[in-house]
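Remarks on the structure that follows.
The values are calculated or read from the model by the stated rules, or taken from the named source; none is laboratory data. In this text the structure is predicted, and so the values were computed from the model without any measurement. Note: ideal-geometry Cβ built from the backbone for every residue, glycine included; neighbour counts use all protein chains shown.
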């Protein structure tokens with residue numbers, strides 16, 4: 001049928017591209033609009049006719065204002081620091097626990113694993129009040145610790161890594177024990193190297209979530225000096241300089257860019273990291 | 001009185017049983033102990049505390065509180081704002097879930113239909129998933145601006161005069177739902193694509209032998225039935241994310257105008273951390289928790305079934 005009507009196939013291809021270009025435009029338009037405005041002087045943003053590319057290039061000034069009126073680099077650095085600390089601590093807690101749940105026999109193991117599964121049910125937003133109270137009691141609100149501590153335990157991480165550790169054959173571990181390796185050496189020298197893709201997937205999941213999170217930083221932090229990117233851009237908007245759309249959009253570009261650039265460089269890893277981890 | 005002999009015997013026994021456990025027991029507990037402590041201290045303890053708080057009249061900053069039973073819940077259920085927030089969240093989900101799932105499915109089918117520009121389309125649709133919502137919500141705010149926004153400029157070009165989307169009671173929630181679809185679409189697409197890749201080629205071959213070789217026939221008799229489990233999964237996942245909508249609401253409308261775009265999680269935030277009514281906020285949290293737990297359990301049930309299929 002297809003061979004008899006080649007024009008049908010051609011029409012099908014055209015239709016495919018027509019629809020996908022439309023939906024891709026829907027997805028990309030905000031980014032194009034954001035970059036376009038970030039290059040324009042105020043009067044051009046408000047004039048009646050619209051050009052994608054500015055007639056008077058104002059990009060340098062807009063980005064300069066964004067970088068000087070608000071500590072944009074500080075926000076990015078904070079984001080990097082907080083996300084790295086969270087992920088490092090999560091690994092430190094999750095890996096031994098996941099290994100024990102996957103490969104060691106000890107009393108209470110199944111109970112603990114059930115507890116991890118129950119923990120998966122709890123949305124972090126639902127724990128915001130007690131976490132806030134706890135940090136308040138210890139005088140830790142408005143510090144980096146407040147941004148990091150509630151996330152140190154990740155039941156999702158334990159669950160995910162356990163699944164991956166289980167897929168490693170027991171024979172390898174027995175052989176390592178015969179060679180005189182202790183359990184923690186086995187984790188360090190065998191399990192971690194053999195599950196690097198899984199760790200990377202978990203890392204991407206964790207970093208994207210915490211870089212983009214607004215809910216918790218909004219609760220835990222007041223001062224701009226320790227704000228993460230998602231909160232920082234809000235502080236900038238509510239600031240005097242943020243009232244001007246050009247610099248505000250420039251600020252948004254700076255906040256959004258790092259993750260998007262990382263994504264474009266390592267697309268497959270990101271897509272797998274975010275999608276496959278949800279289905280495990 | 002213990003004799004030295006008995007004592008020695010006991011020590012030997014203990015040693016033997018320890019050796020029998022070959023250290024696995026001890027190492028196991030050592031390995032899980034940090035996680036266990038944190039699990040109790042940061043997850044289950046706080047979860048219990050939320051339930052406890054919800055039964056008190058505690059306000060942040062005050063040193064005393066009383067147990068007031070279910071009074072917070074009674075107040076919640078007679079509060080029209082709560083019902084408004086719940087209804088809005090359901091309406092939001094009722095728009096975002098079908099919108100995201102249908103668009104995601106169509107885009108996934110088209111992307112996988114032929115290899116042309118596949119990589120570009122996949123990246124383009126996935127970009128919003130990665131982007132920081134608070135920053136992109138600000139961008140959407142300018143796009144939906146009544147005079148200089150892209151949306152009304154576009155509508156104006158074809159002779160329609162747009163409204164002030166985010167300040168109009170009739171459109172605020174709709175505008176937020178549009179942003180929700182924009183962000184969730186790429187994720188749904190990726191999940192559908194991985195579902196499509198799992199459909200075995202033999203099924204298409206078998207269908208072709210039975211005479212179903214047109215594109216639509218293949219879609220109807222093979223692809224869509226095989227995507228059933230993935231579709232259910234995406235529906236639940238999107239529903240869960242819809243109930244978690246917060247960033248766009250906080251940045252753009254703060255629940256307004258006149259509570260037209262108030263949603264559960266934003267209500268929870270406002271009561272607990274703007275008004276510092278912890279007891280009331282905790283009661284709201286318990287309701288919220290119940291909804292999310294229900295959705296997550298459904299999702300887990302579905303995942304389990306999918307595993308049994310394969």
Which of the helices (runs of 4 or more DSSP H) found entirely inside segment B:105-158 contain at least 3 residues meeting this: surrounded by fewer than 21 Cβ atoms within 10 Å (Cβ to Cβ) and in the same structural domain as residue B:187 (by TED's automatic domain parsing)? B:118-130, B:150-157
Restricting segment A:34-67 to residues that are in contact (Cβ under 8 Å) with a residue 24 or more places away in the chain and within 7 Å of another protein chain (Cβ to nearest Cβ), the one nearest to residue B:140 (Cα to Cα) turns out to be A:34
Every residue in segment B:116-128 that is within 7 Å of another protein chain (Cβ to nearest Cβ) and touching a residue at least 40 places away in the same chain (Cβ under 8 Å), please. B:125, B:126, B:127, B:128
Could you tell me whether segment B:91-100 includes any residue that is away from every other protein chain (no Cβ under 12 Å), free of Cβ contacts under 8 Å to residues at least 24 places away in the same chain and surrounded by fewer than 21 Cβ atoms within 10 Å (Cβ to Cβ)? yes
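Every residue, every condition in (1) in contact with a helix residue (DSSP H, G or I) (Cβ under 6 Å, 6 or more places away or on another chain); (2) at the interface with chain B (Cβ under 8 Å from one of its Cβ atoms), yes or no:
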{"residue": "A:83", "(1), (2)": "yes, no"}
{"residue": "A:89", "(1), (2)": "no, no"}
{"residue": "A:100", "(1), (2)": "yes, yes"}
{"residue": "A:111", "(1), (2)": "no, no"}
{"residue": "A:116", "(1), (2)": "yes, yes"}
{"residue": "A:126", "(1), (2)": "yes, yes"}
{"residue": "A:139", "(1), (2)": "no, no"}
{"residue": "A:143", "(1), (2)": "no, no"}
{"residue": "A:148", "(1), (2)": "yes, no"}
Return a yes/no flag: does segment B:79-100 have any residue that is modelled with pLDDT under 90 and outside any loop (DSSP other than H, G, I, E, B). no
Against the definition (touching a residue at least 40 places away in the same chain (Cβ under 8 Å) and either crowded, with 16+ Cβ neighbours inside 10 Å or in contact with a helix residue (DSSP H, G or I) (Cβ under 9 Å, 6 or more places away or on another chain) (or both)), how does residue A:74 come out, yes or no? yes
Within segment B:191-202, is there a residue that is in a helix (DSSP H, G or I), within 29 Å of residue A:259 (Cβ to Cβ) and facing another protein chain (nearest Cβ under 7 Å)? yes
List every residue pair whose Cβ atoms lie under 6 Å apart, where the two residues are 6 or more positions apart in sequence or sit on different chains, the first residue falls within segment B:43-58 and is more than 9 Å from chain A (Cβ to nearest Cβ), and the second residue, located anywhere, is modelled with pLDDT under 90 and surrounded by 17 or more Cβ atoms within 10 Å (Cβ to Cβ). B:54/B:72; B:56/B:279; B:57/B:279; B:58/B:278; B:58/B:279
Scan of segment B:251-308 for residues that are out of contact with any helix residue (DSSP H, G or I) (no Cβ under 6 Å at 6 or more places or on another chain), in contact (Cβ under 8 Å) with a residue 60 or more places away in the chain and not in a helix (DSSP H, G or I), ordered by number: B:256, B:257, B:258, B:276
Residues being away from every other protein chain (no Cβ under 11 Å) and part of a helix (DSSP H, G or I): count how many of those fall in segment B:203-215. 6
Selected residue (criterion: farthest from the chain's Cα centre (by Cα)) from residues of segment A:133-148 that are more than 14 Å from residue A:81 (Cβ to Cβ) and assigned to a helix (DSSP H, G or I): A:137
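Residue by residue, here is whether (1) within 19 Å of the chain's Cα centre (by Cα); (2) in contact (Cβ under 8 Å) with a residue 40 or more places away in the chain; (3) under 26 Å from residue B:303 (Cα atoms); (4) surrounded by fewer than 15 Cβ atoms within 10 Å (Cβ to Cβ) holds:
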| position | (1), (2), (3), (4) |
| --- | --- |
| A:179 | no, no, no, yes |
| A:195 | no, no, yes, no |
| A:202 | yes, yes, yes, no |
| A:205 | yes, yes, yes, no |
| A:216 | yes, yes, no, no |
| A:234 | yes, no, no, no |
| A:247 | no, yes, no, no |
| A:263 | yes, no, no, no |
So is residue B:205 assigned by TED's automatic domain parsing to the domain that holds residue B:103 and at pLDDT below 80 or not? no
Of these, B:60, B:42, B:37, B:52, which one is under 22 Å from residue A:124 (Cβ atoms) and not in a helix (DSSP H, G or I)? B:60
